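These notes concern the structure reproduced below.
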Amino acid sequence: MNDQRDNPVLAVNGASKSFGAVRALNGLSFALAAGECVGLVGHNGAGKSTLVGIMNGGTRPDSGTIHLGGNDETGRYSVAVARKYGLRCVFQELSLCPNLTVTENARIAHASISGFGWRRRAERVVRSKLDEIFPGHGIDCDQAVGTLSIAQRQMVEIAMAFSESDGPARIVILDEPTSSLDANIARQMLDHIRKFVGGGGSVVLISHILSEILTTTDRIVVMKDGGLVAEGPSSRFTMETLVGAMGSVVRARDAAAPPRDRTGTTPALTRRGTDGAPEFRAYAGEIVGLAGLGGHGQTETLVELYRGFGGDWLAPADVKAAFVAGDRHVDGNLPMWSILRNISITLLTDLTRAGIVRDGDERAVAQSWRERIGIRTDSLDNPILSLSGGNQQKVLFSRALATRAPVVLMDDPMRGVDIGTKQEVYAMLRAEADRGRTFVWYSTEIDEICQCDRVYVFREGRIVVELTGADIREDRVLAASFSTEAA
């Protein structure tokens, strides 16, 4: 690492920021040197997104100063000024225009691309960077962004942040950049970060996947309750000390339970395999994982299973299945509604009498889940979009788990959720499964797949192998994901 923090390329000094009664930052200082990758970690609601907004120029601090390139830019700092200095940002809540093509989004991101032939130049800019960072990405730049998978959208946004047109990218802030990427694509992106930093660029990496932080960054900054609680070279941290600094404890993973004898038992869910593929089965009380590279049929399988319970996203009177979406903006949030209403929407049949919602019962249920799953807000009446991304995801979990549905389908639901909450959710899912509830869980994270009783690995739209018990390991999942034969 080039330790030049006495003369940083980016510095936020004594920043404070409040949103109403919520104090998001409390006199925090942060510095970034040239040729340095800094990991920024903390639980959901620690203030990371607010700090990113200040560094990006989109949020004005109540107090404090901002220096960029050695210059005090506090009074006039904005997104345009940050962009002029070569600062780019990939937000956890992706910012692409879904109705425009990849090429057209690249044109918006790079104002210097204009005039005759702009479309060809914009496509060349984004395609060259996609090819560099994600070889074999398979993304058509003439395709509307809204038709891409969430992983592909994330790849496009990352490529545009590192691309050069108005000028070279010098500082790139990445907020949960791998949250929707499978292990192989995430590794490509992390390798590019090290290449970029090795060439003198600077990166701020925010991720709840702490192994990425420990292996990719030069220095780690830990935030809690709007302040800095720990900082040091990445080599000084371990998973345990890092989680401890955040205020949680790493729980030892339970040994994989031996597969149960299900002879004579009727599955809660089935799906016939095609072309000799294994049949999908999920029994009452099981947590079943869907694994493999992203975009190989896992989400489509979940949707098909869900439609098998009625074919409608509106909950029937006697709900049979609940769904936790990974892409909360498309399939999850009701953005104009409050946190309270977003939790209770699937419970209305249980909360109404003579067609009228019992307000007290509705609030009691929502408050109970707010406390159980740790949704950080001062009021359930706040808009859902007032929450951080991870806390929005907690609301979707609450919505599903609060129902009486015996089957819960989860489409990569832990995007942007901190490690402490993840461990609490793991325990909650296991307790619910022990009571007979069935979970089908697609995840891009190996650690989550290893929480499952049974795992089906997908490749090219079909199941290629079934793993149970001690066979649920990273090497087996990866071998099945890439091999042309069953693992």
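Across the chain, Cα pairs under 8 Å and at least six residues apart give a relative contact order of 17 percent. Diagonalising the gyration tensor over the Cα atoms of the stretch 10-246 and scaling each eigenvalue by 5 before taking the square root yields semi-axes of 29, 21, 16 Å, largest first.
Among beta bridges from DSSP that stay inside the chain, the antiparallel ones total about 50%.
Which of the trypsin sites (Lys or Arg not before Pro) found in the stretch 110-208 are in a DSSP loop and have at most 10 neighbouring Cβ atoms, other than their own, within 10 Å?
Values: sites: ARG119, ARG120, ARG121, ARG124, ARG127, LYS129, ARG153, ARG170, ARG187, ARG194, LYS195; in loops: ARG170.
Nothing satisfies the criteria.
Using the C-alpha atoms of the stretch 129-181, what convex hull volume per residue, in cubic angstrom, is computed?
91 Å³
Counting every alpha-carbon pair across the stretch 34-128, the share separated by more than 17 Å comes to 62%.
Projected over every direction and averaged, the convex hull enclosing the alpha-carbon atoms of the stretch 19-66 yields 3.9 nm².
Taking loop as defined by DSSP and a crowding limit of 13 other beta carbons within 10 Å, which GluC sites (Glu not before Pro) in the stretch 116-195 fit?
Numbers: sites: GLU123, GLU132, GLU157, GLU164; in loops: GLU164.
Taking the stretch 116-195 and a limit of 13 other Cβ atoms within 10 Å, the loop GluC sites (Glu not before Pro) found are GLU164.
If each residue's Cβ is checked for other Cβ atoms within 10 Å, how do PHE196, PHE162, PHE19, PHE116 rank with the fewest at the top?
Working: PHE196 19, PHE162 23, PHE19 13, PHE116 7.
Ascending number of Cβ neighbours within 10 Å: PHE116, PHE19, PHE196, PHE162.
Modelled label positions at TYR85 and ARG124, each set 7 Å beyond Cα in the direction of Cβ, lie 3.1 nm from each other.
Put the Cα centre of the stretch 12-27 next to the Cα centre of the stretch 320-397 and the gap is 27 Å.
Suppose R0 equals 51 Å. What FRET efficiency, 1/(1 + (r/R0)^6) with r the Cβ-Cβ distance, do ALA354 and ASP140 give to the nearest 0.05? Before the final figure, lay out the partial values.
On the way: r = 53 Å, r/R0 = 1.04.
The computed FRET efficiency comes out at 0.45.
The residues TRP441, TRP337, when put in order of fewest to most other Cβ atoms within 10 Å, stand as TRP337, TRP441. Residue-normalised convex hull volume from the C-alpha trace of the chain: 156 Å³ per residue.
Taking Cα atoms of the stretch 334-403, Rg/Rh with Kirkwood Rh, to two decimals? Intermediate values should be presented prior to the final figure.
Numbers: Rg = 11.3 Å, Rh = 11.9 Å.
Using Cα coordinates only, the ratio equals 0.95.
With 23 Å as the limit on Cα-Cα distance, the pairs of LYS195/LYS224; LYS84/LYS224; LYS48/LYS422; LYS320/LYS394 that go past it are LYS195/LYS224; LYS84/LYS224.
Coordinate-derived values only; no laboratory data. Predicted model only: the values in this text are computed from it and were never measured. Neighbour counts run over all protein chains shown; Cβ positions are idealised from the backbone, glycine included.
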